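**Q** My questions will all concern the structure given below.
The values are calculated or read from the model by the stated rules, or taken from the named source; none is laboratory data. All figures in this text were calculated on a predicted structure; none of them were measured in a lab. Positions of Cβ are generated from backbone atoms using ideal geometry, with glycine treated the same way; all protein chains shown enter the neighbour counts.
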Amino acid sequence: MEIRINEQPLDVSLENEKTIGDVLAALDQWLYDSKHILSGLSIDGQKIPASLIEEVFTKDINNVKCLDIETNSVADITTSSLVTLLDDIKEFECLDFSDKSNFLTDWTKSAAGRFISSEMSDLYKLCVSAFQGDVLMQTLRSIAEERLNEVNSPVEEFTRIEPVLNEICGKLVDLPLDIQTGKDMKAAQTVQLFTAITEKIFRIFYQLDIQDYFNEEQNADKKNKIIALINEFTDVLKELLEAYEKNDSVLVGDLAEYEASVRIKELYSVILKNCRSEK
């Protein structure tokens with residue numbers, strides 16, 4: 001059986017693979033390393049619809065002459081899905097009430113809906129809520145546009161958040177006092193904003209990584225340091241949230257001022273310093 005990836009012959013010998021599913025499973029690591037995702041499949045010149053791909057997994061490779069595999073970079077598919085989502089929002093807003101009630105079911109089965117569900121679960125939940133009428137469409141649009149900027153211009157988007165990060169870290173210092181004085185709403189808002197900016201930093205770092213803004217040969221050690229900082233910070237964040245939920249203002253104060261705010265600024269600075277502005 002001949003195997004081609006994006007129309008290029010793949011020089012590989014099959015050993016224990018017996019089915020199409022076995023072949024695709026064997027290519028999982030290659031796809032992961034190349035930061036690509038399977039986007040299409042053809043068997044002997046016949047394109048397999050997305051809805052039927054799982055059904056051909058059991059097909060015996062001895063009955064296949066040529067397997068054509070199409071892949072796209074994760075970043076490209078993310079961009080395409082977000083652009084499609086923005087178009088879907090426009091379409092949804094033009095529908096009458098009865099058509100809006102049926103829109104969500106079809107959207108979840110679409111390529112963009114399935115990708116967002118698997119790769120951006122938090123955004124998917126927001127989409128479901130918005131298409132059900134529980135969240136304003138403008139809110140969904142703004143967040144989708146923000147995510148699109150993170151993919152298309154990760155360095156610029158990362159640089160832009162520095163003033164916001166500094167402001168939120170400043171608010172962390174006041175967090176224990178807010179808890180002690182019963183300013184629950186202000187305290188909750190600070191925690192939510194801090195969590196949101198943290199998630200944004202993680203998302204953009206992921207984009208910088210998969211889009212090769214880090215030179216793997218020259219900066220492997222630096223990237224490993226960033227990953228270590230992320231792991232350390234994640235542990236601190238978990239402790240902070242647990243202390244906040246327990247209303248332990250003393251521990252919240254120590255973690256917020258001397259651990260969380262310091263570590264998130266360090267993480268931000270290291271990422272910004274080591275990512276290349278041009279690929």
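**Q** Which condition number does residue 231 fail, the rest of (1) in contact with a helix residue (DSSP H, G or I) (Cβ under 9 Å, 6 or more places away or on another chain); (2) within 27 Å of residue 143 (Cα to Cα); (3) in a helix (DSSP H, G or I) being met?
**A** For residue 231, the failing item is (1).
Okay, residues lined up against (1) over 26 Å from residue 203 (Cα atoms); (2) in the same structural domain as residue 142 (by TED's automatic domain parsing); (3) in contact with a Pro (Cβ under 8 Å, 6 or more places away or on another chain):
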position	(1), (2), (3)
6	yes, no, no
14	yes, no, no
18	yes, no, no
28	no, no, no
31	no, no, no
50	yes, no, no
89	no, yes, no
115	no, yes, no
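**Q** Condition check: in contact with a helix residue (DSSP H, G or I) (Cβ under 9 Å, 6 or more places away or on another chain) and hydroxyl-bearing (Ser, Thr, Tyr). Does residue 181 satisfy that?
**A** no
**Q** If you don't mind, there's one more thing I want to ask. For the stretch 152-172, what are the residues that are touching an Asp or Glu at 6+ places or on another chain (Cβ under 9 Å) and either surrounded by fewer than 13 Cβ atoms within 10 Å (Cβ to Cβ) or closer than 24 Å to residue 85 by Cα (or both)?
**A** If the condition is that a residue be touching an Asp or Glu at 6+ places or on another chain (Cβ under 9 Å) and either surrounded by fewer than 13 Cβ atoms within 10 Å (Cβ to Cβ) or closer than 24 Å to residue 85 by Cα (or both), then 155, 157, 158 are the ones that fit.
**Q** Determine, yes or no, whether residue 58 is surrounded by fewer than 12 Cβ atoms within 10 Å (Cβ to Cβ) and either assigned by TED's automatic domain parsing to the domain that holds residue 196 or not in a helix (DSSP H, G or I) (or both).
**A** So residue 58 passes the test.
Here is a yes/no grid of residues against (1) among the aromatic types (Phe, Trp, Tyr); (2) farther than 30 Å from residue 248 by Cβ; (3) part of a helix (DSSP H, G or I):
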| site | (1), (2), (3) |
| --- | --- |
| 92 | yes, yes, yes |
| 95 | no, yes, no |
| 117 | no, yes, yes |
| 128 | no, yes, yes |
| 135 | no, yes, no |
| 140 | no, yes, yes |
| 188 | no, no, yes |
| 191 | no, no, yes |
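**Q** For the stretch 221-236, enumerate the residues that are under 23 Å from the mean Cα position of the chain (by Cα) and free of Cβ contacts under 8 Å to residues at least 40 places away in the same chain.
**A** Filtering the stretch 221-236 for residues under 23 Å from the mean Cα position of the chain (by Cα) gives 222-236.
Within the stretch 221-236, 224, 227, 228, 230, 231, 232, 233, 234, 235, 236 meet the criteria.
Residue by residue, here is whether (1) surrounded by fewer than 18 Cβ atoms within 10 Å (Cβ to Cβ); (2) touching a helix residue (DSSP H, G or I) at 6+ places or on another chain (Cβ under 6 Å); (3) over 29 Å from residue 208 (Cα atoms) holds:
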residue: 66; (1), (2), (3): yes, no, yes
residue: 72; (1), (2), (3): yes, no, no
residue: 82; (1), (2), (3): no, yes, no
residue: 91; (1), (2), (3): yes, no, yes
residue: 94; (1), (2), (3): yes, no, yes
residue: 99; (1), (2), (3): yes, no, yes
residue: 106; (1), (2), (3): yes, no, yes
residue: 117; (1), (2), (3): yes, yes, no
residue: 122; (1), (2), (3): yes, no, no
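**Q** All but one of (1) surrounded by fewer than 13 Cβ atoms within 10 Å (Cβ to Cβ); (2) in contact (Cβ under 8 Å) with a residue 60 or more places away in the chain; (3) in a helix (DSSP H, G or I) hold for residue 247, so report the exception by its number.
**A** It fails just one condition, (3).
Results for (1) of a type in the set (A, V, I, L, M, F, W, C); (2) surrounded by 11 or more Cβ atoms within 10 Å (Cβ to Cβ); (3) part of a helix (DSSP H, G or I), shown as yes or no for each residue.
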residue	(1), (2), (3)
12	yes, yes, no
22	no, yes, yes
25	yes, yes, yes
29	no, no, yes
38	yes, yes, no
